[in-house]
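This report concerns only the one structure given below.
Please treat every number below as a calculation from the coordinates, not as lab data. Nothing here was measured: the structure is a model prediction, and the numbers come from that model. Glycine also receives a Cβ, built like all others from the backbone with ideal geometry; neighbour counts cover every protein chain displayed.
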Amino acid sequence: MKFALALGILMLAVLACAESELPLAEPCNEDFVLLTFDDGINVQNIETYRSMIYNRYNKNSCPAGVTFFVSHEYTDYSLVNELYNQGFEIALHSISHVTNQEYWRNADYDTLMKEFGDQKTQIAHFANIPEEEVKGIRSPFLQMSGNATYQMMASTGLRYDLSWPTTSFTNPGLWPYTLHYRSIQDCVVPPCPSASIPGPWILPIVAWSDLQGIPCSFVDTCFYNPGNDEDGWFRFIVQNFERHYFGNRAPFGFYVHEAFFRVSPAASRALIRFLDMINNLNDVFMVNADEVIDWVQNPIPLNEYSRKICPRRLPRSCSVSNCGPYIGDHNQNDNMKCVLWLVAILGFVSVRAQLPSAEPCIESACQLPDCRCSSTNVPGNLNPRDIPQFVLVTFDGAVSVSNIVDYRDLLYRRNNKNSCPVRATFFVSHEYTDYTFVNELYNRGFEIGLNSMTRHYSQQYWRDASEETLMREFSDQRNYNEININGQLPSAEPCQESACQLPNCRCSSTNIPGNLDSRDTPQFVLITFDNAVSQDNIGIYRDLLYQRTNKNSCPVRATFFVSHEYSDYTLVNELYNRGFEIGLNSISHQGNQEYWRYASQEVLMSEFNDQRDQIAHFANIPASAVQGIRAPLLQLSGNASFEMMIKANFKYDMSWPTVLFQNPGLWPYTLDYMSIQDCITPYCPTASLPGPWVVPMIAWSDLLGIPCTVINSCFYSPPDDDENAWFNFFVSNFERHYLGNRAPFGFHIGQGFFSRNVAIYRAALRFFDMLNNLHDVFMVSADEAVEWVKNPIPINEYSRKQCPSRSQSVCRATPCNGLEAQHTSELFYMQICNRCPRVYPWVNNPFGVLQN
């Protein structure tokens, strides 16, 4: 009843304000609505934004505003450019978006400069939007770093932060304010700033209340929510909005991650209904966060605000170049963010205070437009009915192919009632971000803010971050480029096919080699396994692959990228003698992604070139048979990876995922010229590096269309016990290749995934049986696929080729007990095909020679 009455008042208010002088006091007032989205912008979400917020107008005929807090990973910067050109705000959400909350809690000034300061320049560069238009930040997990966050912002000229929740000032709501003086805001996610830091504005995240009255800062973290009830969601949104609309009209925030709409379509439909409702209210305006600050600095009543000229910007061009988001094992489960936020609001810890504490605010000494006390008072001492209700729409994280479609659907072509385009702020983090999409968002009029360079998921990192760390996280993010990683090698030129001819050169392209028709092209299936070969997994390999043949009667092949630790080299010898390819996955297989990202050519030589000699020695196989490598965690080292391969005479690398070239798929190519492949795991090669081949890891799509490179990393996958669903999942991803341009289909999986899930293993057996009965499908090694690309022939010729064969390699199994690892003093056991080493072999000592 209360809801129906309130909605009736809202509708009556539209008529009263628009058509008569009826004294309906409160509903005629100005109210701002901030719709924001976090994380990457990509093809997975841009359609949501396009359908939801494009072509949406406020009642004053200005386009509705939304703020996208963009993180780097998975972001398509051409879509960021599109959002900008649509008039939405692009803001920052960090480069790394590290999932360790301690990282952000303890981040120092330097770290924050890298995450946000650098991201500001980075996003301007890759999305081709003006750097000065990127004004806001949102810290990952809303985890501030105390004073360091705002010291970094003051140093880099960032205007506002939208990371600080309040549960104490929800009715009346807390208006934006500066940090010249001590804040009265409750510290929900410590550490919060305690010093006097003139310059940056605080835009408080005024918490919602869920159905049980429990506060929640983000819509998708409201625990007691309406579930699948669209009408329930609509009522839920309106009830939280009413607290602002009938109160002091502090900006009403609708803060959400677009992925939530994919798992909760009822909430998505309800939001569209809500936006349609508020866009028909004379005194409610969807604006971006930056516009709210503008109004607070110079508050004007509703009748003046409605007559203001709609904000405009010049569109920014975007020539799409594929450099994109990053996939790493440290950031595979975004759902953890909800848990971390919930945990964070329960605890309070002491705040670092190296600067003197701020004095209580004296309003007479703190005057607009550059200073405002933290307060629930309406700026300018205006009556709430005379001010607009701003709605701040913000997004955090990467802007990439996985979300740009949703942003387009949600925000593009959406106007506020004053006919100005709606705005949003994107707090962009670096990892996974496609900067062409950031450029698109900027050109669409959206605000680009910073969300840090590294996006550390450690809350401790951000809480303890120094000013220097924060400068690195945010200032460096604004200025990001890859020159330091890729050295001083000149950039490769765009590829000219006439100058790049097979068998030793091929442009990066989705064109079928040899200009064959797809129906005449063999469909290669590349089955790969990573890590150690041991008694724990050899049984699965034997059951899954041995005794299996392609339709041309040749035995199937697979590629094993072997790491040293825990490998049984007698079993590596067995796999080799069975005809399978042995590739390299490094000696140390370090779990620290930064180790591989910044590895020098010398380090890579000791990890891979030495491993080839090591594996040849202990498994008694020819070193010349080991042709390919895969970097641990799929973490390339920029040009250094391929410089090492040239020096060591490796044939190919299979570490580079692509999500942009799924359909049609990207065929293997060389690096004589510039690659068009998206850079999922920076840093990627930029120089001309003739010789090595790139075998792209073409991403699968999970059940929600989110890309995943390794099968066991597909987040929205079938139930573990549903064999038929998994079989259909395998087939649907295979068909994209088979019915497309027939780029090699990668089946990349961890063997442990099979051992834990019998139904998935049975589905794989059925899938392989199906493939082996297709006359034009061949399960081959990665090396064989490269050889075919170098000399492409049609199916009818390929089917008649003699099956590859090799001489058997003898192995006299030798157990080696109690080998001391000199780098850890641990004792290891090895099973090898040679004499036992003196100590456990390791990096810089691949044969285990006793060293002083």
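Structure data summary
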quantity: Estimated FRET transfer efficiency when R0 is 30 angstrom, pair E565-L765 (beta carbons, to 0.05); calculated: 0.55
quantity: Theoretical gain in end-to-end length, V810 to R273 [0.36 nm per residue, Cα-Cα removed]; calculated: 186.2 nm
quantity: Cα-based reach from K647 at 27 Å (exclusive), listing lysines while leaving out same-chain residues under 8 positions away; calculated: K790
quantity: Degrees between helix 265-278 axis and first principal axis of the chain (Cα, 0 to 90, nearest 10); calculated: 30
quantity: Using a Förster distance of 30 Å, the FRET efficiency for S534-C803 (Cβ separation, nearest 0.05); calculated: 0.55
quantity: Set of region 773-795 residues, backbone N closer than 19 Å to the point 7 Å along the Cα-Cβ line of N504; calculated: 786-792
quantity: Least to most buried among R372, R472, R519 (fewest other Cβ within 10 Å first); calculated: R519, R372, R472
quantity: Principal axis dimensions, largest first and in whole angstrom, of the chain by Cα; calculated: 94, 61, 52
quantity: Distant-in-sequence amide H partners of G746 (H built 1.01 Å from N, under 5 Å); calculated: L526, I698
quantity: Protection-proxy order for peptides 782-789, 654-661, each taking the mean of Cβ atoms within 10 Å per residue, highest first; calculated: 654-661, 782-789
quantity: Pair E497, Q212: separation of 7 Å Cα→Cβ label points (nm); calculated: 6.2
quantity: The chain: angle of helix 723-738 to the longest principal axis, Cα-based, in degrees nearest 10; calculated: 80
quantity: Ranked list, fewest to most other Cβ atoms within 10 Å of each Cβ, for V533, V849; calculated: V849, V533
quantity: With Cα atoms, 0 to 90° folded angle of helix 147-156 axis to the chain main axis; calculated: 90
quantity: Exposure proxy ranking, count of Cβ atoms within 10 Å, fewest first, for E133, E565; calculated: E565, E133
quantity: Ellipticity estimate at 222 nm from DSSP helix runs (n ≥ 4, -39,500 (n - 2.57)) divided over the chain, nearest 500; calculated: -8000 deg cm²/dmol
quantity: Cut-off 17 Å, label 7 Å out along Cα→Cβ of D229, residues of region 266-293 by amide N; calculated: 266-271
quantity: Percentage relative contact order, the chain, counting C-alpha pairs under 8 Å, at least six apart; calculated: 22
quantity: Spacing of the two label points (7 Å from each Cα toward its C-beta) at S553 and Y829, in nm; calculated: 4.4
quantity: Backbone HN-Hα couplings from phi across region 384-392 [Karplus 6.51/-1.76/1.60, Hz, Gly and Pro as x]; calculated: x, 6, 9, 10, x, 8, 7, 10, 9
